[in-house]
Structures are given as C-alpha cells and as structure tokens.
Amino acid sequence: MERSALRSAVDLPCEPPSARSIVVERPRPLRIAHVTEYYYPHLGGVCEHVHFFAREARRRGHHVDIITSSMRGTRAPERGEHVVQIGYSQPIYANGSMARITVGLALRRRVREVLRRGGYDIVHVHSPLVPTLPLLAIDEAHCPTIGTFHTYFDHSRIYSHFPAYFQRRLDRLDAAIAVSPAAAEAHARHFRADWTIIPNGIDTESFTPQAPPPPDWTDDVPVILFLGRLDPRNGLATLLRAFRRVRERGYRSRLVVVGDGPLRAHYERAALADPDITFVGSVLEGRPSYYAHSAIYACPTTKASFGITLLEAMACGTPVVCSDIFGFREVVAHEREALLFPRDDHERLADALIRLLDDPALRARLGATGRVRALTYSWPRVADAILDVYARVRGLAAVAP
C-alpha cells in the first residue's frame, strides 16, 4: 500500500488521553444515518461501533438513525436507538465466518424511501462493499456518504473477479475509513482509495475493573474467559484443546464461554460435558462483569482487523492471551498488555495460560498496562475523529481550541 494513501485521523499514544481534543464547529446538529448489516441482537465489533458512536453523537446533539435488517424470531432492539429495519437478516458462511446479508422484497425501493424520508446530512455505511444494504445505500444516498471498512481477509475471490464493479461503488464514497491498517491493507490489495485510519472505540465508563460480578459467580479457582461469536474463525476449538492441556498439567481453573452462534451445539459436544467448562450463551449488557472477574481473557481468533474484545478486557484490567495476528498487533504488544501465541497452536496457547496462572504478579502488570492503553481508545476521542471527517466532507472547517 502506498504510504500517501494511508493516514491516521486519531493519535493513540500509550498514555491516558489528554484534555486536548479536536473540536468541530457546526452551524447546526447533523442528521446522520448509519447503515449496517450487523446490529443487535447480533453481537460483534460492528454492532458495538455503531451503537457507541451513535450514543456519543447524540450526547453532542446530533440525530442518528441506524438502518439495518431484522433477525427472524427476535424482537426489535431495545437499547434506545432510532432503529429502522428493512428486510430480514440471513446468515451465510463467508470469509471463514458466519456473515449476514439482508433479504426481502423491494429492498432498493425501501432503502431509497428511508434515506429520502430521513433528510440526512450524512449517510455512513459500514462494510460498504458487502451486500445487501450497504451497497444499496451507496447507490441511493443523495448526500455525503462515508464508508467504514471493518474486516481483514487474506484474499477475496469476488473482489478479484469483479474489481471494476466494487471500485465504482467505493469511488462514490466521499471518505473511506478503515478501523486499522490491517483492514485498509486487505482492501487496498483490490481497490484504490485515500484511506483514513480511525480505530474502534471502547466504552471506558462501562468496561472498568470495578464492574460487579456476574450473577451466581464463583471465583474459587481462576477463570479463563472466552467471549465472542461461536464460529470457526474465533478459535474456540483451539482453546478447548489448550484447556485440556492445562488440566492435564495439574492446574485448576474454569473455562467460561460467553457467546452464541449456529455452531454452539458443536462446541458443547467438543467440551465433552466437562463440569469446569461453562457455556453462558449470549450476553449483551453484562460483558464487563465477565471480563473484570476473570483471571485471563483468552482470544484465539485466527483472523481479525481489530481487537475490540482485547480492548474491552484491557479496560477491565484483565490480562490477555491472544493469537499473534496482524489486526491484534495494532492494539497489543507481547509482554506489554498481552501474551501472544502462534494462531491455531493449542500447545503454545496452553503454555501462555499456564505462565499467567503461575504468575499473579505478571497478570497484575499486564492488566494495569492494558487499562492505561485502553483509555486511549475512549469513544469521545474516536467520535471526534469521525465527526471531523463528516465536517471535512461537508466542506465545514474544524478548529482546535
């Protein structure tokens, strides 16, 4: 990737954030639409990004609508947002994970009507080159349009076979944001864009070491936590094998699995009814409690553009053991906030877990350093950078205090 095509819109040092934030002056509050295939009750980094940016923007007086699809068999989200649902979310297997696309009748017409009725100043599309709603929103928007690219991938057959089609959609964006250099690099293998790097944020008010314990929590032995969607790329099978090695080497601990997905039954069978492995299921509001009261957060994910769950654990002061992959190296360093191991290597993962179980002082040091690092990703800082992009594409001036 050419260096001139990549810039960072927010400085993230390894120290707590200072009071000097970019202030964007606007003549009036903005009407903003965020378009995403992923939203609650689905869990993941895109959902968190959309929800917490919307919350921060509303605190500043802006109107934010979230345009997404509905998941069959679930009720509409109850988190206080203005949520507009179009069509139904259909899970599909893609890029080593369970992805989602929107299906339904007259989707283009319905997207067009929603965007025009909303009278938006900005349409912000997440994962812009993914069907269905993101591509339709790019085609139908009649105001400045921003795209945030969240994913990392090694290769893409569809992008390789149809580069001109997707490049035309990307060219319609007024700004292309990537949540990490890894996400920008993956897309830059196929497309040209002037990439702005703005990382995911973290809600440091909720994710804190002072979070209360989960219901019926016991900490008689150290808890190793897995938190994420139950699909192959998140590496739970590797962690289950590593946990067995930990137990075989005589260490007492519990493994708590927080998350859900179509493969949950498969992983429960793989756990072999071990009484020290607990599947909690999906948790939305209570995630800080699980992080804050676990001895270790284990994240064996094999492919990621950014380590949002790493930041959540770090904000709670919990030491991290994670795969040594591109997207995670943007967030943590080995021996600084985390212990890294080669992805898919359950033996090295077991070694890292045992090292932390053996060394409470190391756990405390990694946890304290991680908390400091996580504070630099607070949502007010990240929202400043995103709103500055909005101001730039609308031709407004941003001034510093």
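The values are calculated or read from the model by the stated rules, or taken from the named source; none is laboratory data. The model shown is predicted, which means the values in this text are computed figures rather than measured ones. Ideal geometry is used to build each Cβ from the backbone, glycine not excepted, and the neighbour counts take in all protein chains shown. These accessible areas exclude ligands, DNA and RNA; they are computed on the full protein's heavy atoms, side chains included. Shrake-Rupley method; radii C 1.70, N 1.55, O 1.52, S 1.80 Å.
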*Kindly report, to the nearest 10 Å², the accessible surface of His190 as traced by a 1.4 Å probe over protein heavy atoms only.*
50 Å²
*Relative contact order, percent, of the range 97-139 when contacts are C-alpha pairs under 8 Å separated by at least 6 residues?*
46 percent
*Work out Dmax and Rg for the range 98-137 from the C-alpha atoms and quote the Rg first, both in angstrom.*
10.8, 33
*For Asp276, tell me the accessible area in Å² from a 1.4 Å probe, rounded to the nearest 10.*
50 Å²
_Solvent-accessible area of Glu248 with every protein chain in place, 1.4 Å probe, in Å² to the nearest 10_ = 130 Å²
*Projected onto the charge dipole of the range 312-368 (+1 at Lys/Arg Cβ, -1 at Asp/Glu Cβ, origin at the Cα centre), which of Cys316, Leu357, Gly327 gives the Cα projection farthest towards the positive end?*
Cys316
*Under 1.5 on a/c is rounded, so check that first for the range 213-327, then, if it is not, pick prolate when a/b is larger than b/c and oblate when it is not; a ≥ b ≥ c are the square roots of the alpha carbon gyration tensor eigenvalues.*
rounded
*Total charge dipole magnitude, the range 200-292, about the Cα centre, Cβ charges on Lys, Arg, Asp, Glu only, Debye to nearest 20*: 580 debye
*How big is the charge dipole of the chain about its Cα centre, in debye rounded to the nearest 20, if each Lys and Arg gets +1 on its Cβ and each Asp and Glu gets -1 on its Cβ?*
980 debye
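More than 13 Å apart: what percent of Cα pairs in the range 347-396 qualify?
71 percent
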*asked:* I need the semi-axes of the equivalent ellipsoid of the chain: take the C-alpha gyration tensor, multiply each eigenvalue by 5, square-root it, list largest first in whole angstrom.
replied: 35, 23, 20
*Enter the accessible area per residue of the range 211-264 (Å², integer; probe 1.4 Å; all protein chains in place).*
45 Å²
*On a 0 to 90° scale, report how tilted helix 360-375 is relative to the longest principal axis of the chain, with both axes built from alpha carbons and the result rounded to the nearest 10.*
10 degrees
*Extending each Cα 7 Å along its Cβ direction at Gln167 and Thr302, get the distance between those two points in nm, one decimal.*
3.2 nm
*asked:* Below 8 Å, C-alpha to C-alpha, sequence gap of six or more: please give me the relative contact order for the range 252-296 in percent.
replied: 48 percent
*Stretchable slack from Leu105 to Ala273, in nm (0.36 nm times residue separation minus alpha-carbon distance)*: 56.1 nm
*With the full set of protein chains in place, find how many percent of the accessible area of the chain is carbon and sulfur; take the probe as 1.4 Å.*
52 percent
*Using a 1.4 angstrom probe on the protein heavy atoms only, line up Asp171, Asp351, Asp231 by accessible area, largest first.*
Asp171, Asp351, Asp231
*So how do Arg254, Arg329, Arg229 rank on accessible area, 1.4 Å probe, biggest first, that is with the largest at the start?*
Arg329, Arg229, Arg254
*Provide the gained length on full extension for the span Arg394 to His155, in nm with one decimal, where the gain is 0.36 nm per separating residue minus the Cα-Cα distance.*
82.7 nm
*When only the heavy atoms of the protein chains count and the probe is 1.4 Å, how do Asp65, Asp359 rank by accessible area, highest first?*
Asp359, Asp65
_Quick check: pseudo-label points 7 Å beyond the Cα along Cα→Cβ at Glu185 and Val372, how many nm apart are they?_
2.7 nm
*Quick one: length gained pulling Asp324 to Glu248 fully straight, 0.36 nm per residue minus the C-alpha distance?*
24.9 nm
*asked:* How tilted is helix 236-248 with respect to the longest principal axis of the chain? Cα atoms for both, answer in degrees (0 to 90, nearest 10).
replied: 20 degrees
*Output the relative contact order of the chain, whole-number percent, from Cα pairs under 8 angstrom with separation of 6+ residues.*
19 percent
*What's the angle, to the nearest 10 degrees (0 to 90), between helix 45-59's Cα axis and the longest principal axis of the chain?*
60 degrees
_Most positive-pole-ward Cα, Leu387, Leu284, Val257, against dipole of the chain from beta carbon charges_ = Leu387
*asked:* Suppose we take every Cα in the range 260-319 and form the convex hull; what volume per residue is that in Å³?
replied: 113 Å³
*Treating each Cα of the range 308-401 as an identical point scatterer and ignoring solvent, apply the Debye formula and state log10 I(q)/I(0) at q = 0.11, 0.12, 0.18, 0.21 Å⁻¹.*
-0.43, -0.48, -0.80, -0.97
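How much mean residue ellipticity at 222 nm does the chain get from its helices, if each DSSP H run of length 4 or more adds -39500 (n - 2.57) and you divide by all residues, to the nearest 500 deg cm²/dmol?
-10000 deg cm²/dmol
Taking every pair of Cα atoms in the range 167-213, average 1/r, invert it to obtain the Kirkwood radius, and report Rg/Rh to two decimals.
Numbers: Rg = 16.2 Å, Rh = 12.9 Å.
So for the range 167-213, dividing Rg by the Kirkwood Rh gives 1.25.
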